[in-house]
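The values are calculated or read from the model by the stated rules, or taken from the named source; none is laboratory data. Keep in mind that this is a model prediction, so the values were computed, not measured. All Cβ positions, glycine included, derive from the backbone under ideal geometry; neighbour counts span all protein chains shown. These area figures cover heavy atoms from the full protein model, side chains too; ligands, DNA and RNA do not enter into them. Shrake-Rupley method; radii C 1.70, N 1.55, O 1.52, S 1.80 Å.
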Amino acid sequence: MKLLTLLVLSSLALFSTSCGDDEALFTSGQVSVKLNLKEGDVVSERLEDRKNISTESSNPYGAFLNEVDRTFGDSPREIRVEEVSIEISETKDDVATFADLWPQEFEVFFAADDSVSGYTIATASSATNVGPITMTLDENVNRQEVQDLLNSGNFRVGVRGNTEQTSSAKFDTTLNITTAFGVYER
């Protein structure tokens, strides 16, 4: 755990020498969330799961926010999603690739809690492998509502899409969703 925390914190120290609006002043490195999908996650032809970003081992996103606060204090800043990738790290039974989970498009989303649908962050489609896949960022990914979630440090990261799997199918798949964040001047 301590080694992971040190690795995350050391990856946080990527500063840019430019202060332009188009270049990040500071980046997070890789912040990963593991989700475990099973047949019980299928509801009405939709497969979805989500997890609070702060519950991952060593809370790497929380460490990123602490480093941002320490580095920038009260300076006006904006946190943006820079990149999202996804991969299947473990799978068994009726799932071999992403296409077995979501034959068409699927999305990564951020939500304030388990009761809301949240905001689409990135999408992928027709993925016939196990990844990692660099997803396409939603054009509205950095709108104010998402900013509020990113600044809070307390939000759900999830994945969802229409599936051909059923609740009576048998599968157990672990996904890694990895996000990179950047800090920009306002």
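The set of residues in region 129-140 that are open to solvent by less than 50 Å² (accessible area, probe 1.4 Å) and either at pLDDT below 90 or aliphatic (A, V, I, L, M) (or both) comprises I133, M135. Is one or more of the residues making up region 108-128 of a type in the set (F, W, Y), in a strand (DSSP E or B) and open to solvent by 30 Å² or more (accessible area, probe 1.4 Å)? Among the residues of region 108-128, at least one is of a type in the set (F, W, Y), in a strand (DSSP E or B) and open to solvent by 30 Å² or more (accessible area, probe 1.4 Å), which makes the answer yes.
Restricting attention to region 158-186, the residues that are farther than 10 Å from D41 by Cβ, hydroxyl-bearing (S, T, Y) and part of a strand (DSSP E or B) add up to 4. Filtered by the rule that a residue be within 17 Å of the chain's Cα centre (by Cα) and within 15 Å of P103 (Cβ to Cβ), region 115-129 gives T123, A124, S125.
Could you go through region 169-185 and let me know if any residue there is within 13 Å of V81 (Cβ to Cβ), touching a helix residue (DSSP H, G or I) at 6+ places or on another chain (Cβ under 7 Å) and of a type in the set (F, W, Y). The answer is yes, given that some residue of region 169-185 is within 13 Å of V81 (Cβ to Cβ), touching a helix residue (DSSP H, G or I) at 6+ places or on another chain (Cβ under 7 Å) and of a type in the set (F, W, Y). Restricting D93, D148 to residues that are more than 13 Å from the chain's Cα centre (by Cα) and at positive phi narrows the list to D93. Taken over region 63-86, the criterion of being in a helix (DSSP H, G or I) and either open to solvent by 50 Å² or more (accessible area, probe 1.4 Å) or not small (G, A, S) (or both) is satisfied by F64, L65, N66, E67, V68, D69, R70, T71, F72.
Taken residue by residue, region 87-99 has no member that is in contact with a helix residue (DSSP H, G or I) (Cβ under 8 Å, 6 or more places away or on another chain), open to solvent by 10 Å² or more (accessible area, probe 1.4 Å), closer than 17 Å to N162 by Cβ and modelled with pLDDT of 95 or more. The listed residues are R143, R156, and the only one of them that is open to solvent by 20 Å² or more (accessible area, probe 1.4 Å), more than 20 Å from A96 (Cα to Cα) and at pLDDT 95 or above turns out to be R156. Cβ-Cβ under 6 Å, sequence separation 6+ or interchain: first residue in region 65-78 and closer than 14 Å to F181 by Cα, partner of a type in the set (S, T, Y) and open to solvent by less than 50 Å² (accessible area, probe 1.4 Å). Which pairs? If the second residue must be of a type in the set (S, T, Y) and open to solvent by less than 50 Å² (accessible area, probe 1.4 Å), the pairs left are E78/Y184.
In region 66-90, the qualifying residues are those that are closer than 25 Å to L37 by Cα and among the aliphatic types (A, V, I, L, M), and the one that is farthest from the chain's Cα centre (by Cα) is I88. With respect to (1) open to solvent by 20 Å² or more (accessible area, probe 1.4 Å); (2) under 30 Å from L25 (Cβ atoms), the lone exception for P60 is condition (1).
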